[in-house]
Amino acid sequence: MTNVPIEDTAATIAQIGRLREAGAGLVRVALRNEASLEYLKIVRQAVDMPLSADVHFNHRIAIGAIEAGIDKVRINPGNIGDDAKVREVVRAAKERSVPIRIGVNGGSIDRAKYPNLNAESLVASAMDHVRILENNDFFDIVVSIKASDVRLTVESNRLFASAAPYPLHVGLTEAGYGVSCVVQSAAAIGALLIDGIGDTIRVSMTGDPVEEVVVAKKILEAAGLRKAPVRIIACPTCGRTDPSLDLLSIAQEVEREMIARFGEALERSGRGIVVAVMGCEVNGPGEAAHADAGIAGGRGGAMLLFSRGEKLRRIAAGDAVCALADEVERIVREDSE
């Protein structure tokens, strides 16, 4: 989701471009008022990727966004107005085949109706909005149920998935920033994805939204739903690692080199490689036998080059990254022949 006002169309368009480049497949923009619609039209004309409009309370904004060419609209029908207003939004969405996403979170449910915040009340609240659309013969619905609590988010989405047929947009709301956000989002989203729940995902991270996309891609890779073109595996090191080897720096250099040399081509081909950076020869080739290629620390500033469990040769640590890249290049070339 963009985090700049849509009135700043240049910044919005630029940020959408960066999000797309990072790997986003859909970008949501917030529309605060009806005046935002004129700016949305400018953005829509400049951007050719799917866009979703985030709308609260005003049905005219939702209709205007649909007419401006938005690909999805996020509203809560129960908050958009009376039945006549909902019907207007539904008619516009049907005419242009635009899905409606219902968004419910821990802070948005009616606490007078649902005094206890739990999975049951979140799902019941979501179903209240779903039924409004169903009663208007509209079924192109996506549902999002989020909380800032990992367990509550997972339980709510599991419950909804077992009770209704609609696609789910999953994520952890108000997840914060940095390591805390990454860990909590991975725990919630990853658990659901591994369960087979979730059709779109969003990592809610304070700061640059490009980082959200980076984390989301890593979660998809960890859940086995996206193949990383280059996957680096590395051991945490132990007392067997030669103190003269800075394995973290070596692993980071390996990742940069592999992505720079092979990332784009592998991304296009859909093929992925696994590259290992291990601390010692004792465990290196054995524990990382599944890696396409790897290096393992030896003594006296030497490292062992290996491929798919086979020991190849010892090399000086200073030459290890280059030798590893050459070996990966050989493997990629042979596999493509």
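The values are calculated or read from the model by the stated rules, or taken from the named source; none is laboratory data. Treat the numbers as computed from the prediction; the structure is a model and nothing was measured. No Cβ is skipped: glycine too gets one built from the backbone with ideal geometry, and neighbour counts run over all protein chains shown.
In summary, A124 fulfils each of the numbered conditions (1) under 15 Å from the mean Cα position of the chain (by Cα); (2) under 30 Å from R87 (Cβ atoms); (3) without any contact (Cβ under 8 Å) to a residue 40 or more places away in the chain with the single exception of condition (1).
Out of curiosity, is L245 surrounded by 15 or more Cβ atoms within 10 Å (Cβ to Cβ), on the phi < 0 side of the Ramachandran plot, in contact with a strand residue (DSSP E or B) (Cβ under 6 Å, 6 or more places away or on another chain) and at pLDDT 90 or above?
On the way: surrounded by 15 or more Cβ atoms within 10 Å (Cβ to Cβ): yes; on the phi < 0 side of the Ramachandran plot: yes; in contact with a strand residue (DSSP E or B) (Cβ under 6 Å, 6 or more places away or on another chain): yes; at pLDDT 90 or above: no.
Here the answer is no, as L245 does not meet what is asked.
Evaluate the following for L122: is it in the same structural domain as A46 (by TED's automatic domain parsing), over 21 Å from R44 (Cβ atoms) and either out of contact with any Pro (no Cβ under 6 Å at 6 or more places or on another chain) or at pLDDT 95 or above (or both)? Show your work before the answer.
Working: in the same structural domain as A46 (by TED's automatic domain parsing): yes; over 21 Å from R44 (Cβ atoms): yes; either out of contact with any Pro (no Cβ under 6 Å at 6 or more places or on another chain) or at pLDDT 95 or above (or both): yes.
So L122 passes the test.
Does the range 92-103 include one or more residues that are in contact (Cβ under 8 Å) with a residue 24 or more places away in the chain, within 27 Å of V214 (Cβ to Cβ) and either aliphatic (A, V, I, L, M) or in contact with a Phe, Trp or Tyr (Cβ under 6 Å, 6 or more places away or on another chain) (or both)? The answer is no, given that none of the residues of the range 92-103 is in contact (Cβ under 8 Å) with a residue 24 or more places away in the chain, within 27 Å of V214 (Cβ to Cβ) and either aliphatic (A, V, I, L, M) or in contact with a Phe, Trp or Tyr (Cβ under 6 Å, 6 or more places away or on another chain) (or both). Would you call D140 in contact with a Gly (Cβ under 8 Å, 6 or more places away or on another chain), surrounded by 15 or more Cβ atoms within 10 Å (Cβ to Cβ) and touching a residue at least 40 places away in the same chain (Cβ under 8 Å)? No: the conditions fail for D140.
When the residues of the range 12-65 are filtered to those that are β-branched (V, I, T) and under 25 Å from the mean Cα position of the chain (by Cα), which remaining residue is farthest from E211 (Cα to Cα)? Quick ask: steps written out before the conclusion?
Narrowing the range 12-65 to residues β-branched (V, I, T): 12-13, 16, 27, 29, 42-43, 47, 55, 61, 63.
Keeping just the survivors that are under 25 Å from the mean Cα position of the chain (by Cα) gives 12-13, 16, 27, 29, 43, 47, 55.
Working: T12: 16, I13: 17, I16: 13, V27: 14, V29: 17, V43: 22, V47: 20, V55: 24 Å.
Looking at residues that are β-branched (V, I, T) and under 25 Å from the mean Cα position of the chain (by Cα), I get V55.
Across the range 61-104, the number of residues qualifying as surrounded by fewer than 16 Cβ atoms within 10 Å (Cβ to Cβ), modelled with pLDDT of 95 or more and closer than 17 Å to R32 by Cα comes to 1.
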